[in-house]
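Accompanying notes for the structure given below.
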Amino acid sequence: MEHVKPIGPLRMDGNIAENWRKWKQRWTLYAKASGVDAKDEQMQCAVFLHTIVDEALEVYDTFTFTENEENKIEPLLGKFDAYCSPKKNVTYERYLFFRVHKTAGQSTLLSPIFAQKLKPANLKLFRIVLSKIELCVE
């Protein structure tokens with residue numbers, strides 16, 4: 001399919017992890033729809049690197065690949081995964097979770113600002129835990 005609209009460049013500002021997650025999803029769909037995924041891996045890497053923005057290309061230039069990894073799409077995606085989605089500091093995440101306090105006039109411990117930072121699945125779990133805590137406190 002040669003008439004597939006190219007995807008936009010990878011944004012390397014703001015929430016890089018979220019930008020990468022969305023861009024990678026668009027890349028996968030684009031590769032399938034355009035037939036790039038059926039081509040050899042060297043061509044896939046070339047198209048991949050062509051679609052990312054100059055800033056991300058500079059990041060690519062810092063990666064080191066073994067002979068087995070060169071011109072292979074999976075190691076390339078893995079390197080960007082590792083760069084854009086760093087490991088989370090579990091201790092710090094727990095600190096943020098337990099730092100939340102109920103304020104006067106607030107119907108729940110879940111502050112609107114904190115809720116915006118949680119992903120939907122975590123938000124649901126957080127609300128369940130809070131409901132259990134509030135039942136014990138009351």
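Quick grid of which residues meet (1) touching a strand residue (DSSP E or B) at 6+ places or on another chain (Cβ under 8 Å); (2) farther than 18 Å from Pro6 by Cβ; (3) not aliphatic (A, V, I, L, M):
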{"position": "Trp27", "(1), (2), (3)": "no, no, yes"}
{"position": "Ala46", "(1), (2), (3)": "no, no, no"}
{"position": "Ala56", "(1), (2), (3)": "no, no, no"}
{"position": "Val59", "(1), (2), (3)": "no, yes, no"}
{"position": "Thr64", "(1), (2), (3)": "no, yes, yes"}
{"position": "Gly78", "(1), (2), (3)": "no, yes, yes"}
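Test Thr28 against the stated conditions and say whether it is at pLDDT 90 or above and touching a Pro at 6+ places or on another chain (Cβ under 9 Å). Judged against the criteria, Thr28 is not a match.
Of all residues in segment 34-43, none are among the β-branched types (Val, Ile, Thr), crowded, with 17+ Cβ neighbours inside 10 Å and either within 22 Å of the chain's Cα centre (by Cα) or at pLDDT below 90 (or both). For Lys102, the requirement of being more than 24 Å from Leu29 (Cβ to Cβ), under 17 Å from the mean Cα position of the chain (by Cα) and at pLDDT below 90 is not met. Restricting segment 14-28 to residues that are of a type outside the set (Ser, Thr, Tyr) and free of Cβ contacts under 8 Å to residues at least 12 places away in the same chain, the residue that is surrounded by the fewest Cβ atoms within 10 Å (Cβ to Cβ) is Gly14. I'd like the residue in segment 52-93 that is of a type in the set (S, T, N, Q) and touching a helix residue (DSSP H, G or I) at 6+ places or on another chain (Cβ under 7 Å) and, out of all such residues, is farthest from Lys39 (Cα to Cα). Ranking the candidates gives Ser85 first.
The values are calculated or read from the model by the stated rules, or taken from the named source; none is laboratory data. It should be emphasised that the depicted structure is a prediction, and the values quoted were computed from it without experimental measurement. Positions of Cβ are generated from backbone atoms using ideal geometry, with glycine treated the same way; all protein chains shown enter the neighbour counts.
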